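Only one structure is covered here, and it is reproduced in the block below.
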Amino acid sequence: MLGWVRVVLLSQSSKRKATYAVLFAYVVALLAMLRPHIWQIASLVERFCTSSVNVRSSHETYDMLTSWISSRGIDNASRSHLVKLNTDRGALADRTESVRRPLKYVANSGVFLFWYKGRLLRYQATQDTSGYFKENNIAITCLGRSGTILKDLFQDCQREYTWLFASWPPGTGKSSFSLAIAGELNMDIYVVRVPSVDDESLKCLFAELPAHCVVLLEDIDAVISAHSRESEAVHSNEQPSFGDEKKRVTLSGLLNELDGVSSAEDRVLIMTTNHEMKLDPALIRPGRIDKKVSFALADRDTVSQIYCWVFQSPSETGADAQPCGTENGLLQAQAIQFAHQVPEGVFSPAEILSFLVPYRHDPDAAHQSVETWVESRQKTGRNLS
Ligand SMILES: Nc1ncnc2c1ncn2[C@@H]1O[C@H](COP(=O)(O)OP(=O)(O)OP(=O)(O)O)[C@@H](O)[C@H]1O
């Protein structure tokens, strides 16, 4: 067969084509020879030349990974799916909330290949039926003995999952941002913590508002909608207590006030929450809310800006000060170095700030202690588990 290929192509008098054809023929012949041993070879490659990470459906990392996978349609081709509610399993989800949550389809079995950061990865879903309970397993495999790419993938999954489903941790700057807006607009700001008021007191507060102001409603997820009341009653096996209802703001009570506030010109209404998934769609529908701003955990840029802010010299403080400007090269370099010691998307700006402030007169000590601090936070189960 090899001789035949060579003769035919040489007659086309193209030396290069002939070389390629010969090489191709050798490869085909080699594959034909190895064909009976192909599974042994594959298993040797898998055993000695790949790295993999395994995830079981009983662990929360499974939810993180499958959210990432299903949002990209990587396992769409599977013929057998497990259907799940797209929800954070750590949250105490109200049963009625599940009606609003999107469904997520996760492959039960099958092998799928996908590209991630320029590397080809393999996703294999299997079902373990050996025990009393069936458990789904996922193995992600990459070529090569270094699993760095897999660690990157899981960090991405975690970041996206935290962003989409988990409660955001507090201290990401929502209230500070609102105060800054009021300062920028030169307006007074009226702050209402929704969990501490009821319909009646909210009505009184709103009646007193001046025409020109910023109104900040903190923690609006504390509002109770009609169906949460029913659900609470069902779960506690009790009739709804009308005495208790008065102690909280109801959805309809809040909507009445909001429609009044937003109809007044020159008033800026800001609502904050750490639990976006708990909000009733009526509260955040277009028309009632003009803009949604998400506050994330600190990325590298934020960490280095906070560092500069803490360690700037007193002469640099002031409204227009740019402590990390290029003219302050040393501080900028130290800030970048510090930002690389803190994993991205894991800590809130408030946490970074409270770590740094005690070291404000001793930046070297901050650099020396940060790794231990990060490790201890991770060990206590904070975000990276
Ligand atoms: N991007 C940031 N840069 C510097 N400091 C920040 C930043 N974000 C938050 N902080 C600091 O973190 C602390 C908490 O911020 P803030 O109260 O605004 O957060 P929050 O998101 O409103 O928290 P919560 O969810 O508890 O209401 C404040 O001291 C604030 O100055």
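Any read-out appearing in this document is the output of simple, stated calculations on the displayed coordinates, not a laboratory observation. On a predicted model such as this, the values are computed, not experimentally measured, just so you know. Cβ placement follows ideal geometry from the backbone for every residue including glycine, while neighbour counts extend to all protein chains displayed.
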**Fill in**
Long-range amide H partners of Leu82, meaning residues 5 or more apart or on another chain whose placed amide H is closer than 5 Å, are Val106, Ala107, Asn108
**Message:** Using a Förster radius of 25 Å, what is the FRET efficiency between Ser176 and Cys204 based on their Cβ-Cβ separation? Nearest 0.05, please.
**Reply:** 0.35
**Prompt:** Between Ser80 and Ile38, what FRET efficiency comes out of the Förster formula 1/(1 + (r/R0)^6) with R0 = 30 Å and r the beta carbon distance, rounded to 0.05?
**Reply:** 0.70
**Fill in**
Listed by chain and number, the residues whose amide H is under 5 Å from that of Asn136, excluding neighbours fewer than 5 places away on the same chain and using placed H, are Ser57, Asp128
**Request:** Given the peptides 39-48, 303-312, 55-64, arrange them by the average over their residues of other C-beta atoms within 10 Å, most packed first.
**Result:** 303-312, 55-64, 39-48
**Fill in**
At R0 = 56 Å the Cβ-Cβ FRET efficiency linking Asn137 and Arg193, nearest 0.05, sits at 0.80
**Prompt:** What distance in nm separates the simple spin-label points at Ala29 and Glu160, each placed 7 Å from Cα in the Cβ direction?
**Reply:** 4.7 nm
